[in-house]
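The values are calculated or read from the model by the stated rules, or taken from the named source; none is laboratory data. Keep in mind that what you see is a predicted model, and the values were worked out from it rather than measured. Glycine also receives a Cβ, built like all others from the backbone with ideal geometry; neighbour counts cover every protein chain displayed. Ligands, DNA and RNA are excluded from the accessible area calculation, which covers all protein heavy atoms including side chains. Shrake-Rupley method; radii C 1.70, N 1.55, O 1.52, S 1.80 Å.
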Amino acid sequence: MFSTKKTALSVAVLATLSITGCGSDSDETITKAIEQLGIVCPDIAVSLLPTEEIGSGTLILEHEGTYVSGNEFDSASAEIVSFDACSDRLYVVNAEDQTVDVLTNAVGQPEKESTIDLSLAAQSAGIDIGDANSVSAENGLIAVAIEAANKQDSGIIALYRSDTLELINTYAAGALPDMVTISTEHQLILTANEGEPSDDYANDPEGSVTMVDFSAGFSDEQAVVSQLIFDASVVADDVRLAGPAGTLVAEDLEPEYLALSADGKTAWVALQENNALAIVDIAAAQITSVVSLGSKAWDSASGNTLDASNKDAGPGVFASYEQLVGLYMPDTIVSVEIDGETYILSANEGDGREYIYETTQQTCDAAGHIWDGDDYRGSADYTTVEEDCISFIDEARGGDIVDSVDANHPLKAALDDNDQLKRLKVITDAQSYGADDEIVSFGARSFSIWNTSGELVFDSGDMIAKAVFADSATGTANFNSTNDANGSGDNRSDDKGVEPEAIEVAEIEGRFFAFVGLERQGGIMVFDITDPTAPVLQSYLNTRNFNENVCTVVNEDMECDNDTYNPLVGDLGPESIDYFERAGRHYIAVGNEVSGTTSIFSLSAE
């Protein structure tokens, strides 16, 4: 059912959905602040159609259409996508062009209608800008998170109206605002400001959260902007703090993504590199706690298995390993309320820290960094030739640490064996490993469900990897492929596997579903999470064509050689998912970072 609300300036038509999509547009009417803007939501006749019933069958995805940006291959031309029911448009971050692409025909073959040029926002804020990192559209408002040209400087939030694409205002954010969400129901904009250091680690800004309360209006005088900083006193002792010596706690913490509760009282912030979750009290505008997410066991008792090597017999060599664990290190998180309880869902990508800059070997040595070029000591090139210098790295391969592992450790031999753990990327937080110590890897190759305190309710174990390996469309030879080359099966086994990156959640006819995007492998997995303690895999669809080249010209390794994407290969590198309901049907939009494509999928039941 749809309702209309008359204002003195316009008549706005908003969707009051009988089927609610968590993470989609609010089902509340326009707030007073938005009414003051007179934003017009066109009366779209097809939106008044009755909703089709999904039923109780297995939920599947059907590919409806794809927009191809046409930009250079792997240039982040379709990173984050957000659907706005008011304007009936998709808004897609195009980092390559420093714009937001506006797509029409959101439920068929999407087409580019126009763009939002972010340069006016830069002028308004009085800063030089870098990339746009995130967009969130709801009820006629479009919020965009934009980093500064120097990523260590404070970025901005740019707010636009959807009917005219005019800039409403800009608000100061923290360093590197990486994700933005807008809630018109709660009259809030939130950003997770990652605060990454410079490549030489000379400038490491604090991670933070920006909160904009626009309940009184959008002008500088009306909107209340709060910059939430991390206080070391609220950080649990077991939270991973692994930056260089002398790094402050607030500098070490790097917010990646955030989720807002249904009542608007609490936000949760994923701190990926720290393997932690921060909890924000919205009313107090304060970060109240930071909790560790712990580790996931890969031992036989857990029942979890993984393919840990890209130099073994081939894709799909699954095994368990005693005293091997993975840190969850989530990227995308979302919240959902089921039977009165709130849960946080996470896509457990895992991400290490590696910062590299070009300089001379003399400068690199003087800084105490790791020289990664030819050795020029004793020659004139020592002070003149510039090559790679590693200012900080927290990863190594299993074979790199084997000499630091006690002879009685159960993984001693496996860490020196290419068929087992010698190639696996591991975390180097420890200087040595006793016989009882755990070997720690990046990510959990899964999605998880947490309670509001950050305690684990469910983890998908090796379910995702096993389902991809068994998928006939993928083919076992393509398991654990990388996303920028075909013919690359087993390539990511030693790293983070299929790499769950994006996650979205929706309620449909009393059932709750999670959609999980696999950044490296490609494709979207659908889980029924109506029982949060026992989700059920519904389906998996990957539009990637492993038989096509990723670009029109590739090299001998099947990697892109001319930066021209080949549309026949399909989607590569799903980065974001947005669920929405339109014309009585259910859809998800997926932004694919590597291929620069935005794809639409309809939902139905077998």
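So the values come out like this:
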item	result
Some residue of the stretch 67-76 being out of contact with any Pro (no Cβ under 7 Å at 6 or more places or on another chain), at negative phi, modelled with pLDDT of 75 or more and open to solvent by 70 Å² or more (accessible area, probe 1.4 Å)	yes
Any chance Asp299 is in contact with a Phe, Trp or Tyr (Cβ under 6 Å, 6 or more places away or on another chain) and under 14 Å from Ala414 (Cα atoms)	no
Candidates Gly264, Gly243, filtered to the one that is at pLDDT below 95 and more than 17 Å from Leu293 (Cα to Cα)	Gly243
Subset of the stretch 182-196 that is touching a Ser or Thr at 6+ places or on another chain (Cβ under 8 Å) and farther than 17 Å from Asn139 by Cα - its residue that is surrounded by the most Cβ atoms within 10 Å (Cβ to Cβ)	Thr191
Failed item in (1) modelled with pLDDT of 95 or more; (2) under 19 Å from Leu603 (Cβ atoms); (3) open to solvent by 30 Å² or more (accessible area, probe 1.4 Å), with Glu53 passing the rest	(1)
Residue check for Ala380: under 23 Å from Ser320 (Cβ atoms) and either at pLDDT 95 or above or not β-branched (Val, Ile, Thr) (or both)	no
Checklist (1) over 30 Å from Ser302 (Cα atoms); (2) in contact with a Cys (Cβ under 9 Å, 6 or more places away or on another chain) applied to Asp375, failing item	(2)
Test set (1) within 23 Å of Thr543 (Cβ to Cβ); (2) within 21 Å of the chain's Cα centre (by Cα) - Asn105 fails condition number	(2)
Hits in the stretch 86-101 (condition: under 15 Å from Ile600 (Cα atoms) and over 21 Å from the mean Cα position of the chain (by Cα))	Asp88, Arg89
Unmet requirement for Ala137, which otherwise passes all of (1) buried (at least 22 other Cβ atoms within 10 Å of the Cβ); (2) in a loop (DSSP other than H, G, I, E, B)	(2)
Residue count, the stretch 336-352 (criterion: at pLDDT 95 or above and either part of a loop (DSSP other than H, G, I, E, B) or open to solvent by less than 20 Å² (accessible area, probe 1.4 Å) (or both))	11
Contacts under 9 angstrom Cβ, first residue in the stretch 209-229 being aromatic (Phe, Trp, Tyr), partner open to solvent by 60 Å² or more (accessible area, probe 1.4 Å), 6 or more apart	Phe214/Gln222; Phe214/Val224; Phe218/Gln36
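Rundown of residues vs (1) aliphatic (A, V, I, L, M); (2) assigned to a strand (DSSP E or B); (3) under 27 Å from Glu354 (Cα atoms); (4) touching a helix residue (DSSP H, G or I) at 6+ places or on another chain (Cβ under 8 Å), yes/no style:
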| site | (1), (2), (3), (4) |
| --- | --- |
| Ile157 | yes, yes, no, no |
| Ala173 | yes, yes, yes, no |
| Val180 | yes, yes, yes, no |
| Thr191 | no, yes, yes, no |
| Thr210 | no, yes, yes, no |
| Phe218 | no, no, no, yes |
| Glu221 | no, no, no, no |
| Ser226 | no, yes, no, no |
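Listed here are the residues, each with its yes/no results for (1) more than 26 Å from Pro197 (Cβ to Cβ); (2) in contact with a His (Cβ under 6 Å, 6 or more places away or on another chain); (3) assigned to a strand (DSSP E or B); (4) open to solvent by less than 60 Å² (accessible area, probe 1.4 Å).
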{"site": "Gly368", "(1), (2), (3), (4)": "no, no, no, no"}
{"site": "Arg377", "(1), (2), (3), (4)": "yes, no, no, no"}
{"site": "Asp403", "(1), (2), (3), (4)": "yes, no, no, no"}
{"site": "Leu421", "(1), (2), (3), (4)": "yes, no, no, yes"}
{"site": "Val440", "(1), (2), (3), (4)": "no, no, yes, yes"}
{"site": "Ile449", "(1), (2), (3), (4)": "yes, no, yes, yes"}
{"site": "Gly454", "(1), (2), (3), (4)": "no, no, no, yes"}
{"site": "Phe469", "(1), (2), (3), (4)": "yes, no, no, yes"}
{"site": "Ala473", "(1), (2), (3), (4)": "yes, no, no, no"}
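Every residue, every condition in (1) crowded, with 24+ Cβ neighbours inside 10 Å; (2) part of a loop (DSSP other than H, G, I, E, B); (3) in contact with a helix residue (DSSP H, G or I) (Cβ under 9 Å, 6 or more places away or on another chain); (4) in contact (Cβ under 8 Å) with a residue 12 or more places away in the chain, yes or no:
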| site | (1), (2), (3), (4) |
| --- | --- |
| Ser481 | yes, yes, no, yes |
| Asp490 | no, yes, yes, yes |
| Val498 | yes, yes, yes, yes |
| Ile503 | yes, no, no, yes |
| Phe512 | no, no, no, yes |
